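Student: Got a structure here, written out as structure tokens. Questions coming.
FYI, it's all coordinate maths here, none of it is from the lab. In this text, all values refer to a predicted model and were calculated from it rather than measured experimentally. Cβ coordinates were reconstructed from backbone atoms using ideal geometry, including for glycine residues, and neighbour counts include every protein chain displayed.
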Ligand SMILES: [Zn+2]
Ligand SMILES: [Zn+2]
């Protein structure tokens, strides 16, 4: 096998800025595709992983898991995909294929989840990546590459719970934080006919939140407005990546309401309301292959589009800094030079 050297961007140790990093692209397994990466979105999870927040990062670490590119090589067992196809890849790049969850078609819960990350061994801040073809998705022609990139992580992360909990007649939902995930959650929730209230710490986001499809907008530290929403929401979806003051928000949930987390905040809750109001706390993690395919079709059919800033891959550190400082409007996608 001839080796293929590529130059991506890696953190050499915990919390470090990324540096150019040359490595040997992994060998192609029989179920793998090699992808020539054109676009990769920047997700807050990349920052958490660089900081080893999850305790699973190995260094040097090449982040990036909102990938779009063209297939440049296919393994012997790959079917339904060929060299030249445009594909999108999200956080999960493979799965064990043997555990109870993989066998059920819910690979996102694979027992071997740490090894199934797209960034194992190297992620998408690079010109090339290798993943299992069953975790790559042919991008519908009508969806631009930068849009598809963002849908593969931010999109599926919010679509999965919104679709799972959607009922008729539609429910009232509060979406906490209008950022990379939140601005897409508003669009999906509106299209799924929820009555949507966007809750943000930034008053200047009101106009855009309403344009994304929110029916109402509330500033998260406006205690008087939150008080008026007591027992108002069937669901709260928290898309924030930073610190959240939970107590006043939980009071906006109806009794027996459900509080859904898709980010990775530390939770500090007073259990009194949780118990007395019989609230549920639910997590939601990416989505299955089936849900991912459904999400692409849904986004295409309803014209759901992330708001995107394009930056060259060489400015990856600047992009990460903008995300950390909550300045991205609303998602940054890095583009490799041709
Ligand atoms: Zn992500
Ligand atoms: Zn598995």
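Student: Hey, what angle do you get for helix 182-191 against the long axis of the chain, alpha-carbon based, 0 to 90 degrees rounded to 10?
Tutor: Helix 182-191 sits at roughly 70 degrees to that axis.
Student: What relative contact order, as a whole-number percentage, does the chain give when Cα pairs under 8 Å and 6 or more residues apart are counted?
Tutor: Reported relative contact order: 18 percent.
Student: Right, something else. When the chain is treated as a GNM, springs tying every alpha-carbon pair under 10 Å, which of 150, 158, 83 comes out with the largest mean-square fluctuation?
Tutor: Ranking 150, 158, 83 by mean-square fluctuation puts 83 first.
Student: Separate question: So if R0 is 35 Å, what FRET efficiency would residue 22 and residue 202 give, r being the distance between their Cβ atoms, rounded to the nearest 0.05?
Tutor: E between residue 22 and residue 202, to the nearest 0.05, is 0.30.
Student: Nearest 5 is fine: what % of DSSP beta bridges in the chain come out antiparallel, could you say?
Tutor: So the antiparallel bridges in the chain amount to around 55 percent.
Student: If you don't mind, another one. Note the per residue figure in Å³ for the convex hull of the C-alpha positions in the stretch 81-216.
Tutor: 151
Student: Sticking with this structure for a sec: Please give the FRET efficiency for residue 294 paired with residue 224, using the beta carbon to beta carbon distance and R0 = 35 Å, rounded to the nearest 0.05.
Tutor: That gives a FRET efficiency of 0.30.
Student: In nm, give the distance between the simple-model label positions of residue 324 and residue 170, each being 7 Å from the Cα along the Cα-to-Cβ direction.
Tutor: The answer from the label model is 3.9 nm.
Student: If I histogram all Cα-Cα distances within the stretch 221-291 using bins 10 Å wide from 0, what percent of pairs lands in each bin?
Tutor: 19, 51, 24, 6, 0
Student: Between residue 104 and residue 251, what is the label-to-label distance in nm when each label sits 7 Å out along the Cα-to-Cβ direction?
Tutor: 3.8
Student: Springs between alpha-carbon pairs under 10 angstrom, Gaussian network model over the chain: which of 317, 270, 232 fluctuates most?
Tutor: Its mean-square fluctuation being the largest, the pick is 270.
Student: Also: Compute the long axis of helix 289-302 from its Cα atoms, compare it with the longest principal axis of the Cα atoms of the chain, and write down the angle in degrees, 0 to 90, nearest 10.
Tutor: Helix 289-302 and the main axis of the chain meet at about 70 degrees.
Student: Rounded, prolate or oblate: pick one for the stretch 46-145, where a ≥ b ≥ c are the square roots of the eigenvalues of its C-alpha gyration tensor, a/c under 1.5 means rounded, and failing that, prolate if a/b is larger than b/c, else oblate.
Tutor: oblate
Student: Starting from the 7 Å offset along Cα-to-Cβ, what nm value, one decimal, do you get for the label separation of residue 115 and residue 317?
Tutor: It is 3.5 nm.
Student: Something else about it: Pick from 129, 15, 55: which residue has the top mean-square fluctuation in a GNM of the chain where Cα pairs under 10 Å get a spring?
Tutor: Judging by the Gaussian network model, the answer is 55.
Student: Multiply the residue gap between residue 83 and residue 56 by 0.36 nm, knock off their C-alpha separation, and tell me the result in nm, one decimal place.
Tutor: In short, 6.5 nm is gained.
Student: Of all alpha-carbon pairs in the chain, indicate the percentage at a distance above 37 angstrom.
Tutor: When every Cα pair of the chain is considered, 16 percent fall beyond 37 Å.
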